[in-house]
Structure formats: structure tokens, C-alpha cells
Amino acid sequence: MATSEQVREALGGVLLLEPRRSLAELNMVRDIKIAEDQVKVALALTALSDAAKQRIQERVQSAIEKLPGVREAVIDLVELPPRELNQIGHVIAVMSGKGGVGKSVVAALLAIGLNRNGYQVGILDADLTGPSIPMMFGLKARPMSSESALLPVSTRSGIEVMSLNLLLPHEDDAVIWRGPLLAKVITQFWQDVVWGKLDYLIVDLPPGTADIPLTVMQTLSLSGLVIVFTPQELAAMVVKKAVGMAHKLNVHILGVVENMSYFLLPESGKRIELFGPSKGEEMSLEAGAPLLGRLPIDPELARLCDSGQIERYNSEAVTALSQAFAQVMPALAHA
């Protein structure tokens, strides 16, 4: 007679085409019952079309019936909303006081670093009117969906992404919506997307302190916030507004990241601070949180972002950022 562990292991090989994750990773395997040579499995195939559900049922049945001692596999479909399937360890929002500081790049690099360290990671692109996450990762596929739910799209390395740009007819279509409608979309991306089991969900916020950041901080179960800035005096000034908003809403600031902090001359390796002296320590004191890293201006990073291959990027600064972020994670349990 087969065991539940054997059945779960067999189902681990049943992957959805998009996202490229197993039924177990999406938390769609809801129950397993074994009676002698019969195995009953309850599946919540939320967000799948009828045709996709049929294909998955057939593959599940075939996988189970190949197990020794199994004569029959019975598949029951159950209806569950996405929020009952989602098990997300930590939700981390990435915020900037103003646009143009590379906030989305930092959010992407943070997700990539966590993914390289073996964590299951998703990105919720909340920058609805300026979504750049899909382009940086080279994503073109439309999410699978039903009338009540959506499935994210997988990047090459297995990071799950949901972005409004993936739902538009053309990626360069403008989103000309008022604040309440934008806020509703964010709520839907949180409640109606089947994220499944994730260690981290990175939320790329739009710049500023308006409707969407407010909705995210009040609606999502945030574990903490990472604030991105550049060395210019103006960028540093508006960071203080973001810090003030986080404090008023009792959102824990995990750390700050100074982007475009310097440029390394290729010939000599000399460090040039194009936008002025670093304000990393000053902003760290302002936020009451550690400086997680100072990222350079790197033409190679810009090239990979433009070509949709940001996952290929690596540098000492990014490695240091990942290590610094790992050090603040134990504080989340007490935040």
C-alpha cells in the first residue's frame, strides 16, 4: 500500500506549464486519503481553465497509479479562493520617496538574491502606472486565469511575477486610472492571485506616499519595508517623507539602500561619486534602520535590464546586499 509521502512525492513531479511550479508548491493538494489499493486526492485547481484542469487530473491520476500497490486513483476537485491557498512567509515592500532612483531594479535584485539562496520568491508589481518588472525579466506571457483568480508568471529562474503590464493588450499601453481603481487592483493582486507557498513576496511600490503605498501598508500583511534612495540632496529629502509615512502606519523599516551611489572607472577601478557624497549613514539614522548596501552605477546592469536578462547580473555589491538583508531577517520575528 502506498503512503501519503509517496503520493506527495509523485505529485511533486506534476508541474503547471505557467507558472512552472508543482501542485504542492502552489498548495493545490488539499487532502490525501488511502484505503488499501485506492488513493483519493482532493485538488484545488484554482485559476485553471476547464481544459487545463482536465489535463492536470489526467497527469495526477497517471502519476499516482504508477505507484506500487495502487489500483485506482480518484481525483476530487474542490473550490477554494486563492487566499486559502496562499502561504507567504514574509511580505517585503520596496519603496522610494521619488521616482528615478532605481527602486524597481533594487526590488528585482533583492528577489534574485533571495532566489539564488534557495528561497521561493514572488514579486507583486504594485507600480501600476510605471511597471518595469516584466521588461527587466523578459516576461511576455499572459497569466493563466479564471473568472475569480489569476496565476503569476514564472521568470527563467523561477521567481513568480504578477504585474498589470502582463494583463494589458500591449506593454506600452498607458494606465490612466484614478486612485481608487488602482488601489482595487492592488487588493486583487493580493487576494485573487494564487501565489501558493512562498518564502518571500517582494512588493515593488510606486514612488511617493500616495494611494497605492497607503493601500499596501494598510491591506497587505507587511513584514517590513526597504527604502531606496540616491545621494542627491533632493532624493534624500523625500526619503524622510517615506520614513515618516512608515512610522505613522507602524510599518517596520528593515533597512535603506543607496542606489547609483558611485561609478567605478573601468581602467583604474577608481570610485567616482557622480551624484555627490554618500548619504547612506545619514539616511540610516533618519530611518532608524541599517544601511543594507550602496549599489554602483553599472552599464552592464542597465544593458541586462533593457534586454530582459536581469537574472544574469552579478556583482560584489549585490552579493553584499543579499548578505546584509539576510542579517536583518531574524529581526522580523520581533517586528
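Numbers for the structure displayed
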item	result
Candidates Ala210, Ala242, Ala236, filtered to the one that is buried (at least 22 other Cβ atoms within 10 Å of the Cβ) and hydrophobic (A, V, I, L, M, F, W, C)	Ala242
Failed criterion for Pro213 (all others in (1) touching a Lys or Arg at 6+ places or on another chain (Cβ under 8 Å); (2) modelled with pLDDT under 90; (3) closer than 18 Å to Ile92 by Cβ hold)	(1)
Test set (1) surrounded by 15 or more Cβ atoms within 10 Å (Cβ to Cβ); (2) within 20 Å of the chain's Cα centre (by Cα) - Ala326 fails condition number	(1)
Residue count for region 95-109, restricted to those that are in a strand (DSSP E or B) and surrounded by fewer than 13 Cβ atoms within 10 Å (Cβ to Cβ)	0
From Ile92, Ile64, Ile112, residue being farther than 30 Å from Gly208 by Cβ and either surrounded by 13 or more Cβ atoms within 10 Å (Cβ to Cβ) or in the same structural domain as Val29 (by TED's automatic domain parsing) (or both)	Ile64
Test result for Arg83, part of a helix (DSSP H, G or I) and either within 30 Å of Asp211 (Cβ to Cβ) or in the same structural domain as Ala108 (by TED's automatic domain parsing) (or both)	yes
Which listed residue, of Ala24, Ala42, Ala51, is among the hydrophobic types (A, V, I, L, M, F, W, C) and either buried (at least 17 other Cβ atoms within 10 Å of the Cβ) or touching a helix residue (DSSP H, G or I) at 6+ places or on another chain (Cβ under 8 Å) (or both)	Ala24
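The values are calculated or read from the model by the stated rules, or taken from the named source; none is laboratory data. Nothing here was measured: the structure is a model prediction, and the numbers come from that model. Using ideal geometry, Cβ is built from the backbone for each residue, glycine included, and neighbour counts are taken over all protein chains shown.
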